[in-house]
Structure formats: structure tokens, C-alpha cells
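Read the figures in this text as sums done on the coordinates, not as results from a lab. From a predicted model like this one, the values you see are computed outputs, not experimental measurements. We place every Cβ from the backbone using ideal geometry, glycine too, and count neighbours over all the protein chains shown.
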Amino acid sequence: MNSMHAPASQQDLSLDEFWMPFTANRQFKDRPRLLESAEGMYYTDVEGRQVIDGTSGLWCCNAGHGRKEIAEAVSKQIAKMDFAPTFQMGHPLPFQLAERLVEIAPEGLNRVFFTNSGSESVDTALKIALAYHRARGEGTRTRLIGRELGYHGVGFGGISVGGMVNNRKAFGVQLPGVDHLPHTLDLERNAFTRGLPKHGVEYADHLERLVNLHGAENIAAVIVEPMSGSAGVILPPQGYLKRLREITEKHGILLIFDEVITGFGRVGSPFASQRWEVTPDIMTTAKGLTNGAIPMGAVFASDQIQDAFMHGPDGIIELFHGYTYSGHPVAAAAALATLDIYARDGLLTRIRDLEIYWQEGLHSLQGLPNVIDIRNTGMVGAVHLASRDGAPGKRGYDVFEGCFWNGLMVRNSGDIIAMAPPLIVEKSHIDQIINTLGDVIRRTP
């Protein structure tokens, strides 16, 4: 095949060579779902079918698809300077981008370290936390605490503090000295809650038990997603995040929020920590930073954390960590253009005007066959389905696939159907998403 030309259809495309990530490769290749173009709220597949994007791509295309401003910024920058190092060198764009990001970040998080993905942001945050304590003379603080059902990317640090079993068990080796808080999914008390659940703040108190077990002087950091997206939209109970903040501050433990999914307007504020009024010590981001156009991540920290490293001779590298592409000029150009769109169109807070309509649409599905819970916050939602006997996840997959062939892209995490449409969504799009999902659930045994 001439590599200069795209295949006319999937019949012209070899599917053997690409080992697909987080995919049942054999199952997919039996009936491929191939997308070819995107604009606004919709994808178009290789056969010309329109598919409404109910997932913002992969939680990342918050401003919708086909944004010409981002394409033009990328094109202009790659023609001007395709790459420049940021090891002992620099170029203006990451400095400009960091300044812009601090303007919308939670107060006090005014230092930015650039990465290329959420996974890299998490590993960076964990390394900063460990090195911070050593720089302050508290080198015994090496233990890290994550949470059950948490997803923090796929680096060894991320899978160690993460709590999704399939991301961990195949690899055997994980970081030593890691514990986990219990998850907050409580169907018995919180099923069909609208917004943040009322019950479960006490799950945060498990952190005190871990402090009593290991000693605060041995614990470096706690990392949680404000909302666990990849596990199926598991929400923080009311008061839970504030309780975690109180306990970590009491014991000198750093609190890390993984906002790779919740960042950039997903829950109705620029970041979930602002919506839920809890400021962490470190915050990880990626995905919506560039609207998914170019891989990029960013870790936010306070100047207090950075200042702990700024000792000794000026010529010494303070933190031996970074990536070849940290602050990549083309990625930075994409991010700056994305921030311009967010600001111009008010997207970082826009869904507050639509979240009740979204909530009511989602909860209208209560009572459909096999629906055992519905969860929502901001422009995020999940429909939790009962598992089939002996086949957990199969019903969820069948609904996911049925939705696609009926013109709707959702995600399934086992038997949970997760949705997070772009922040440009209108009420008519919400109606289309809810109606299609409801029809597919009714037809799926």
C-alpha cells in the first residue's frame, strides 16, 4: 500500500501490526470500530456513519473536535521550530504556558512541571513528593498511599498507587511501601444519588488507621482522584475530600489530586479542587490541557514545595527528573490555543448551566432493565448495570458496542457505562445521548 494515501475503507487496511492499548485485540479485529474524522460533537467512521461523542474522545477533547485555532497554532509552530530542549536550555512557550495555567489554577499552586501524559504526571508528582521530604530532612517519609479503584496511569508508580486490579496483577512487580484507602462506591447507601453522595465521608478516616499503623513520619503522600473516572465515575461523598485534607495537614503528609480527568472544566470549574473547595499540595493534569490534540501533561505544585529544592550552589541541578519532550514547543502551542478557546467560550464553567439537564436526562433511565445505579456530577455520568451470572463485564460491553453501531460513543468499565461529552454539548445532544443509550439498554438482555 502506498503510505502517502489513507485507505479508502477498512477493507484496504491491515489490522495485524498495531498492538492496540487497553483493547481486546482479537475481539476488536473481528468487528473493527474505525473512526476517520471528527468535527464538533461528532465523529465520522470509515464507512461514513456519524457517531456522537459521548466521551470527549478519551476524557480529553473538552472543547469538541476540529478546532481550527489549535490546528493553525500547531502548524505555525512546527514550521517555525519543531523542537527545542528544555534541559539547561529553554524557549518562550512553556514559560508563557505555565503563567497562563497558574492564572486558572487553585490558589497557591503556582509552579508547573511539564510532562507528556497523565501517567508521566503521576510519576512526576510521586517523585517530587518523595524528593521534597528528603530535601527537608525527612527522608523516612517514603510510603505512598493510593486508593482502591483509583486509576493513576500505567507507569510503575501509577499502577502501584492505583487500585484497579487488572492494571496491576499481570506485572507482578510494584513499588514497595504502598497502601490503599478503601474506595467510596457504596451502592447500598448511595444508589441513584444526584450529585455527590451523602454517605461515606468516614471512608477518609481510614487514613488515620494507616498513620497509626506506619507512623506519620514514614508517609510521604496520599494520591486520589477527586472523582475516579476510569473506574466508572466513582464520586467523593460530601465532605470526604475536606476530611482527607484535614488529616494530611495534621500529619505533614502531602495531598496529591490526580485531575487528569476532572481538570479543565469537566465538573464545572477549571479544576475539581476549586468546585469542591479543597486545595491539594500537588495536582496532576493532562488530557484537556491540549484538547487531546498533542500529548502533554502538567504537574502543579506550590512555591513552598519548589523552594525546598532551591538550596546549595546555584549550578547544581535541583531535581534530577524530566522528559525529552517536557515543554515541547508544538504541544505548548496547542495548549495555549486551547486555553484561548476555553477562555473565549467560557467552557471551564459552562456546564454549570447544563448539569441539571444532564442529571435529569441520566436519571430518567432509572427503572430500565438491569440498571442498578446512576451517578453524575458536572458533565460526567455513569449508568451501572447488573452483571450477568458468570460473565462480569459482558453486558457492559454489549451496551457499549450496541451504542456505537447506533451512533453513540460511550465507554464501559466492566458493567459500568461512563459518559463525559465535550463541554460544547447542547441540550439536543444530551437528548440524543440519553435516548440512544436508553434504547440500547432496553434491547440488551
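If packing is taken as the average number of other Cβ atoms within 10 Å across a peptide's residues, how do 251-259, 422-430 rank, most packed first? Write down the numbers at each step before the final one.
Numbers: 251-259: 25.2, 422-430: 18.8.
Answer by packing, highest mean first, reads 251-259, 422-430.
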Counting only DSSP loop positions in segment 95-186, the chymotrypsin sites (Phe, Trp or Tyr not before Pro) whose Cβ has at most 14 other Cβ atoms within 10 Å are Phe171
Expected sort for 344-350, 232-238, 26-32 on mean C-beta neighbours within 10 Å, highest first, is 232-238, 344-350, 26-32
Looking only at lysines whose Cα falls under 19 Å of Lys250's and that sit 8 or more positions away or on another chain, we get Lys242
Scoring the chain by relative contact order with C-alpha pairs under 8 Å, at least six apart, yields a percentage of 21
Over 29 Å (Cα to Cα) among Lys76/Lys427; Lys29/Lys169; Lys76/Lys127 -> Lys76/Lys427; Lys76/Lys127
Burial-style ranking of 96-108, 295-307, average other-beta-carbon count within 10 Å with highest first, yields 295-307, 96-108
So Arg26 and Ser14, fully extended at 0.36 nm per residue minus their Cα-Cα distance, gain in nm 3.0 nm
If the label point sits 7 Å along Cα→Cβ of Ala191, residues of segment 357-398 with amide N under 13 Å come out as 366-375, 384-387
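Based on DSSP, what percent of beta bridges with both residues in the chain are antiparallel, to the nearest 5? All intermediate terms of the calculation are to be shown ahead of the outcome.
Working: 32 of 48 bridges.
Within the chain, antiparallel bridges account for around 65 percent of the total.
What dipole magnitude, in Debye to the nearest 20, does segment 15-136 give about its Cα centre under +1 on Lys/Arg Cβ and -1 on Asp/Glu Cβ?
On the way: 14 positive and 16 negative charges, 89 e Å.
Here segment 15-136 has a charge dipole of around 420 debye.
Please state the shape class of the chain: rounded when a/c is under 1.5, otherwise prolate if a/b exceeds b/c and oblate if not, all from the C-alpha gyration tensor.
Working: a/c = 1.65, a/b = 1.19, b/c = 1.38.
Note, shape of the chain comes out oblate.
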The simple spin-label model distance between Leu213 and Arg443, using points 7 Å out along Cα→Cβ, in nm, is 4.8
So, with points 7 Å from each Cα along the Cβ direction, the Glu360-Asp340 label distance in nm works out to 3.8
Under the Karplus relation with 6.51, -1.76 and 1.60 and θ = phi - 60°, whole-Hz ³J(HN,Hα) for segment 248-265, x at Gly and Pro, equal 5, 4, 4, 10, x, 9, 6, 10, 10, 9, 8, 10, 4, 8, 7, x, 6, x
